[in-house]
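What follows is calculated from the coordinates using simple rules that are stated; it is not laboratory data. These figures come from a predicted structure and were not determined experimentally. With ideal geometry, Cβ positions are generated from the backbone for all residues, glycine too; neighbour counts draw on all protein chains shown.
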Amino acid sequence: MKRTFVALSLLLVLSSCASSNVTWGWYVIDPTTKGGWINVKFLISGMGQTILISVIAASISIVLGLVVALPGQSSRRWLRIINRIYVEFVRAIPLLPMLFWVFYGLPIVFKSMGLNIPIDPFWGAIITLAISDSAFTAEIYRSGIQSIAKGQKEAAQTVGLNYAQTMRYVILPQAIRRILPPLANQFIYIVKMSAFASVIGMQELTRRANELVVTEYRPLEIYTLLIVEYLILVLIISAGVRWLERRMGSDERQ
């Protein structure tokens, strides 16, 4: 059904292109021509930066999210309050204003403290994506941990395991298998949100597309290829996650 819908949609687009008086400029991304191939290579060259930013930011977010989530499971009220304040505060801030604050504002904060720490676009994007995503990741951890039966925690304590050992050997291994799909969704979210790094000069996919539009004046064709690039990345990530789910036993169909 989905394939039929996609095929009909493509047929509709192609027929509208053929009957329209608009002059299409697909030659700008035609790999069979010299100029088109140069443009395609220019666009694809930004994919490495997009992947690198996303992987580093996601790795930091996974660790930071766990650090934020664990106090929320504590019996101490003040730790739960810290967890809730962080999650609600970070989730309330849109990504773009946070990116501007990190890139332009954080160096000023460092300078006021007597520290000369510049933040380039690469690390500005990583810090912003990691912090922004960590609040959502913390909530994913919380739901995964709370989905584990309380009896398992009590049984672990019965055999002499302390809180840290219970989390490490009993609760987290099971919780991670359950939260793998939503964690994958967050990684896809980071890949897509990395496009905002273009506004601070990061030479990733979207920045390359914007620069090419300025020189070629063919936004429809160039941004179409940009969408295809992101689509390919997301499909590859989705396939990798499904494989990992099968390996870890997260796929209930197995």
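Structural remarks
- Straight-line reach from Lys34: taking Cα to Cα under 16 Å and skipping same-chain neighbours fewer than 8 places apart, the aspartates and glutamates in range are Glu216.
- The gain in end-to-end length when the Glu211 to Val159 segment is fully stretched comes to 12.5 nm, 0.36 nm per residue minus the alpha carbon separation.
- Centre separation in Å (Cα based) which lies between the range 201-218 and the range 59-127: 29 Å
- Its DSSP H runs of at least 4 residues, each contributing -39,500 (n - 2.57), put the calculated 222 nm mean residue ellipticity of the chain at -24000 deg cm²/dmol, to the nearest 500.
- Burial ranking of peptide ranges 177-187, 113-123, 77-87 (average Cβ count within 10 Å, highest at the top): 177-187, 77-87, 113-123
- Selection from Ala155, Leu180, Thr50 lying farthest towards where the dipole of the range 31-246 points positive, charges on Cβ: Ala155
- Couplings for the range 70-76, taken from phi via the Karplus curve 6.51 cos²θ - 1.76 cosθ + 1.60 with θ = phi - 60°, read 4, x, x, 9, 6, 7, 8 Hz in order; Gly and Pro are left as x.
- Cα-based shape type of the chain, given that a ≥ b ≥ c are square roots of the gyration tensor eigenvalues and the cut on a/c is 1.5: oblate
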